[in-house]
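S.K.: Structure incoming, see below.
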Amino acid sequence: MEFNTLLNSVDPAVREEIVGLHAAVDEFAIEMKARFAEQAIKGLRGWDQKENYHALADRLRDQALSPAGQEANIANVAMILWYLNGETKAPR
């Protein structure tokens with residue numbers, strides 16, 4: 001089922017919840033992109049290299065216990081692992 005059709009078929013309270021979640025994800029994605037840009041400007045490369053997978057998985061485990069304010073960095077590592085696992089249709 002197409003997303004908009006699904007969204008229009010649910011109870012208004014559920015629709016409001018979904019719309020709010022999507023807005024939060026959109027805002028969070030902006031922060032994630034900013035953090036990625038900062039790292040690229042610093043010269044960090046190789047995020048899309050499979051050989052970095054295990055080091056990134058270790059980093060994700062370590063960052064999971066990070067203090068508040070690191071959520072976008074944690075999400076970025078999770079996204080990279082997701083990408084390396086082939087969970088995306090994005091061009092490689």
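Read-outs: derived from the displayed coordinates by stated rules, not from any lab. Small disclaimer: the values here were computed from a predicted structure and weren't measured. All Cβ positions, even for glycine, are placed from backbone atoms using ideal geometry, and neighbour counts span all protein chains on display.
S.K.: Give me the net charge of Val25's neighbourhood, meaning all other residues with Cβ under 13 Å from the Cβ of Val25; Lys, Arg count +1, Asp, Glu -1.
M.R.: Residues near Val25 contribute -4 overall.
S.K.: Taking only the alpha-carbon positions of segment 11-84 and ignoring solvent, what does the Debye formula give for the base-10 log of I(q)/I(0) at q = 0.14 Å⁻¹?
M.R.: -0.54
S.K.: I've got another one for you. Using only Cα atoms, tell me the angle between helix 12-41 and the longest principal axis of the chain; keep it within 0 to 90° and round to the nearest 10.
M.R.: Rounded to the nearest ten degrees, it is 20.
S.K.: Taking θ = phi - 60°, what integer Hz values does the Karplus form 6.51 cos²θ - 1.76 cosθ + 1.60 yield along segment 70-82, in sequence order, with x for Gly and Pro?
M.R.: Each residue of segment 70-82 in turn: 9, 4, 5, 5, 4, 5, 5, 5, 4, 5, 4, 4, 4 Hz.
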